[in-house]
1. Using each residue's phi in the stretch 55-72, evaluate 6.51 cos²θ - 1.76 cosθ + 1.60 at θ = phi - 60° and report the 3J(HN,Hα) Karplus result to the nearest Hz, with x for Gly and Pro.
2. Kindly flag which residue pairs out of 103/155; 63/92; 55/134 have an alpha-carbon separation exceeding 25 Å in this structure.
3. How much accessible surface area, in Å² rounded to 10, belongs to the heavy atoms of residue 30 with a 1.4 Å probe?
4. Please list, or write none, the aspartates and glutamates whose alpha carbon is within less than 13 Å of the alpha carbon of residue 49, excluding same-chain residues fewer than 8 places away.
5. Which residue, 129, 143, 115, has the largest displacement toward the positive end of the dipole of the stretch 99-155 when charges sit on each Cβ (Lys, Arg +1; Asp, Glu -1)?
6. With an 8 Å Cα cut-off and a minimum separation of 6 or more residues, compute the relative contact order for the stretch 55-149 in percent.
7. When only the heavy atoms of the protein chains count and the probe is 1.4 Å, how do 101, 75, 124 rank by accessible area, highest first?
8. How much accessible area does residue 100 have with a 1.4 Å probe, in Å² rounded to the nearest 10?
Amino acid sequence: MKKTITTLILLLTISGQTFACECLGYSLADLDKESSEWSEIILVGNILKIGDIFKVEVNEVLKGEIPSCEIEGLTIGENEVFNNCTFYPLEKGEYLLYLRTIKIDGKNYYYSSQCLGSRLLNLTYEPVSLNEKKSKAQLIEETKQWIDQLRSRRK
């Protein structure tokens, strides 16, 4: 019995490490810069539906081009393989999203990593890679300033 419990604890420890996503820590400014460089598309949009395929109503495109007012994001990576670092929106709301396009069966979907700066604009929860102790109000203000910076680059 003792051997079974020890084996179970070992397996749970190993599997927990296997499924964990490890992200580097950044200040919000550096996280946004890294996220911007990685992304084909940056947008502000409302997540209308959450799940493995989440639906986004596009409010404003800050980088790149989007073919329609609504897009679908995936919580799986390319080749339809689950990736434990995939960005998975936890709730509906207005987000700043850093995205790349992936094609599956000829259809465009959009993908992001939780290690990037994609976030709710009200900062109900912070990006995983944020490694900076600031108040929620400060982070919201910095997010607004970043979005304004992206708007000015687009002109």
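The values are calculated or read from the model by the stated rules, or taken from the named source; none is laboratory data. Model, not experiment: these values are computed from the prediction. Reconstructed Cβ throughout: ideal geometry from the backbone, glycine too, with neighbour counts over all protein chains shown. For the accessible areas, the whole protein counts, side chains as well, though only heavy atoms, and no ligand, DNA or RNA atoms are used. Shrake-Rupley method; radii C 1.70, N 1.55, O 1.52, S 1.80 Å.
1. Each residue's phi maps through the Karplus curve to give 9, 10, 8, 7, 8, 7, 9, 9, 7, x, 10, 10, x, 8, 7, 10, 10, 10 Hz.
2. Violating the 25 Å Cα-Cα cut-off are 103/155; 55/134.
3. Solvent-accessible area, nearest 10 Å²: 80 Å².
4. Answer for residue 49, where 13 Å is the Cα cut-off: 57, 70, 72, 91, 94, listed by chain and number.
5. 143
6. Value for the stretch 55-149: 20 percent.
7. Descending accessible area places them as 124, 101, 75.
8. Rounded to the nearest 10, the figure is 90 Å².
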